[in-house]
Amino acid sequence: MLLSDPYVLAACVAAVVMVGMAKGGFSGLGALGTPIAALALPASTAATILLPILIVQDVVSVWSFRHAWDRWIVAWMLPGAVIGIALGWAMAAMIDEQALMGVLGAITLMFGVYRLWIERGGRVAAASTSPGWVGGLFGLATGFTSQVAHAGGPPFQMWVTPRKLPHLTYAGTNAILFAAINWLKVPSYIALGAFTRDVVIAAALLVPLAIGATLVAVRLVRVLKPERFYTIIYVLMVLLGARLMQVALS
């Protein structure tokens, strides 16, 4: 059994906690899930274990934020995400996951530093008003990186975070969009024969932890002040970007 190895168990537990925090509202942290689990498992196995866990966590996060989400953002990003998922599936054999993580990490780090700089000292930056078609392009990037390595959080953050949504609406929009994306990824994983018996058992054993981590994160998001929430998101983007670059270069 996969989780009988203490090293594999520790890596999977850390990965599940990370994606649980992301599902609870701290968008972007989920991109660390696959790289962390891949420290002890092949990247494809790590991604496959996490997919059913993500879907279970989606139930918790969607229910928690069901009354607070931006339909306009989801309507623009989801069609692009569908195209991105299809591209990721079609190009699976050609993609260098490590290089992709490095590029994604560099962009995420620079974006987080930029937002922290322009909002330093409590400055209030004007909310972005970029048109919906731009969101469609970011949706494509979100779907592609999510299909390849469950790393769709950073592209989502880059378009949605500057729009300065109420923080619960931000969390709800993240929850709804990624719940749809994760279900859309299931057929490709089935077609690739990724859901082996050991993978399914490992995912099932990690579900209780996944639910608990998501509920804790939901609670934290609800009690945070909006301005503090966005500062935390930007700091997490910097740390996330640095970690993804480190994984890519190691």
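Here are the numbers for this structure:
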| read-out | value |
| --- | --- |
| Candidates 107, 49, 83 - the one that is more than 30 Å from residue 204 (Cα to Cα) and part of a helix (DSSP H, G or I) | 107 |
| Residues (modelled with pLDDT of 85 or more and not small (Gly, Ala, Ser)) located in region 116-139 | 131, 133, 134, 137, 138 |
| Region 83-109 - residue that is under 19 Å from residue 191 (Cα atoms) and under 16 Å from the mean Cα position of the chain (by Cα) and, of those, modelled with the lowest pLDDT | 88 |
| Residue within region 140-149 that is modelled with pLDDT of 90 or more, touching a helix residue (DSSP H, G or I) at 6+ places or on another chain (Cβ under 6 Å), among the hydroxyl-bearing types (Ser, Thr, Tyr) and buried (at least 17 other Cβ atoms within 10 Å of the Cβ) present | yes |
| Residue that is assigned to a helix (DSSP H, G or I), without any contact (Cβ under 8 Å) to a residue 60 or more places away in the chain and more than 15 Å from residue 210 (Cα to Cα), where the choices are 40, 75 | 75 |
| Some residue of region 152-161 being of a type in the set (Phe, Trp, Tyr) and either farther than 20 Å from residue 12 by Cβ or free of Cβ contacts under 8 Å to residues at least 24 places away in the same chain (or both) | yes |
| Checking residue 244 against (1) at pLDDT 90 or above; (2) in contact with a helix residue (DSSP H, G or I) (Cβ under 7 Å, 6 or more places away or on another chain), the condition it does not meet | (1) |
| Close pairs (8 angstrom Cβ cut-off, 6 or more residues apart or separate chains): touching a residue at least 24 places away in the same chain (Cβ under 8 Å) in region 98-115, of a type in the set (Phe, Trp, Tyr) anywhere | 112/234; 115/234 |
| Region 12-21, residues that are closer than 18 Å to residue 196 by Cβ and either of a type in the set (Asp, Glu) or surrounded by fewer than 24 Cβ atoms within 10 Å (Cβ to Cβ) (or both) | none |
| Residue in region 146-169 that is among the basic types (Lys, Arg), over 17 Å from the mean Cα position of the chain (by Cα) and over 18 Å from residue 108 (Cα atoms) present | no |
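Residues checked against (1) over 27 Å from residue 116 (Cβ atoms); (2) buried (at least 17 other Cβ atoms within 10 Å of the Cβ); (3) touching a residue at least 12 places away in the same chain (Cβ under 8 Å):
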position	(1), (2), (3)
170	no, yes, yes
177	no, yes, yes
187	yes, no, no
197	yes, no, no
201	yes, no, yes
222	no, no, yes
229	no, yes, yes
235	no, no, yes
247	no, yes, yes
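The values are calculated or read from the model by the stated rules, or taken from the named source; none is laboratory data. In this text, all values refer to a predicted model and were calculated from it rather than measured experimentally. Note that we place each Cβ from the backbone using ideal geometry, even for glycine, and neighbour counts take in every protein chain shown.
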